[in-house]
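J.: Can you keep this structure in mind? I'll have questions shortly.
The values are calculated or read from the model by the stated rules, or taken from the named source; none is laboratory data. All figures in this text were calculated on a predicted structure; none of them were measured in a lab. Heads up, the Cβs are rebuilt from the backbone with ideal geometry, glycines too, and the neighbour counts pull from every protein chain shown. When the accessible area is computed, the model is the full protein with side chains, heavy atoms only, and any ligands, DNA or RNA have been set aside. Shrake-Rupley method; radii C 1.70, N 1.55, O 1.52, S 1.80 Å.
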Amino acid sequence: DEVLVYDEKGGFLRRFSAEGLDGTRGIVVAPDGRLYVASQNSDEVFIFGPDETALSKFTHEQLDGPTGMARGTNGVLYVCSFNNDQVLVFDLEGNYLRRFTGGGLDGPNCLALDSRGQIYVSSARTAEIVKFTAGERFVTSFTGGGLASPMSISRTPDDTLYVSGGASHNLVKFDTDG
């Protein structure tokens, strides 16, 4: 498995990888330019330097099928653990800090944070978005627009959420209250 790099017009530029990278999923860019890549089948997160060379990788006994990831403003990395319905929290060096779940989270696939640090996690098997406070406490779940198997969440600067439906083949727009 590998990461493919394209220019802003969709033209292929290059590819990079690391030994053991298997089932490439989520990717996050840190402020220093390091890249974090989830390897779903090896239950690891790989760290690449700004020059795309492999630096290290990390895992944890609770990390099972890592998919989507997001960087918190507080210097943490949130990683969806698809197979055991949790979100694991690491520092940017890969040290495990804690985990959280709730609200019927089933197959967490991706996540995003709003401008207040609230966390939105897609629950692929329930077709819902599960909302947590910045303190990682469950708030509510919501769905709509025929959403099925949510695959990606993106946020605009005004906190509008866009969620792509993998099985419904659509894009659904939500405010932060669902």
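J.: Checking the cross-link filter: which lysines have an alpha carbon closer than 27 Å to that of Lys9, excluding same-chain neighbours under 8 positions apart?
T.: Lys173
J.: Size of the dipole of the stretch 5-122 about the Cα centre, Lys and Arg at +1 and Asp and Glu at -1 on the beta carbon, nothing else charged, in debye to 20?
T.: Rounded to the nearest 20 debye, it is 260 debye.
J.: Let me ask you something else. At 0.890 mPa s and 25 °C, plugging the Kirkwood radius over alpha-carbon pairs of the stretch 87-178 into Stokes-Einstein gives what diffusion coefficient in µm²/s?
T.: Answer from the Stokes-Einstein relation: 186 µm²/s.
J.: Express the carbon and sulfur contribution to the solvent-accessible surface of the chain as a percent, rounded to the nearest whole number, probe 1.4 angstrom.
T.: 47 percent
J.: Once label points are set 7 Å from the Cα along Cα→Cβ at both Ala148 and Glu19, what is their separation, rounded to one decimal in nm?
T.: 4.3 nm
J.: Hey, another quick one. Using each residue's phi in the stretch 5-11, evaluate 6.51 cos²θ - 1.76 cosθ + 1.60 at θ = phi - 60° and report the 3J(HN,Hα) Karplus result to the nearest Hz, with x for Gly and Pro.
T.: Residue by residue, the stretch 5-11 yields 10, 10, 7, 5, 9, x, x Hz.
J.: Here's another thing I want to ask about it. Give the cross-link partners of Lys57 among the lysines, using a straight C-alpha distance below 24 Å as the criterion and excluding same-chain residues fewer than 8 apart.
T.: Within the straight-line cut-off, Lys57 pairs with nothing.
J.: I've got another one for you. If the elastic network links every pair of Cα atoms under 10 Å, which of Ala38, Ala18, Ala112 fluctuates the most in the Gaussian network model of the chain?
T.: The residue that fluctuates most here is Ala18.
J.: Follow-up. Mind telling me which of Leu105, Leu35, Leu113 comes out most flexible in a GNM of the chain, alpha-carbon contacts under 10 Å?
T.: Its mean-square fluctuation being the largest, the pick is Leu35.
J.: Rank Tyr120, Phe12, Asn74 by how far each Cα sits towards the positive end of the charge dipole of the stretch 5-144 (+1 on Lys, Arg Cβ; -1 on Asp, Glu Cβ) and give me just the farthest.
T.: After comparing all options, I get Tyr120.
J.: Which of (i) 41; (ii) 30; (iii) 37 is the computed percent of Cα pairs over 25 Å apart for the structure on display?
T.: (ii)
J.: Report Rg (one decimal) and Dmax (nearest whole number) for the stretch 2-45, counting Cα atoms only, units Å.
T.: Here Rg and the maximum Cα pair distance are 11.4, 32 Å.
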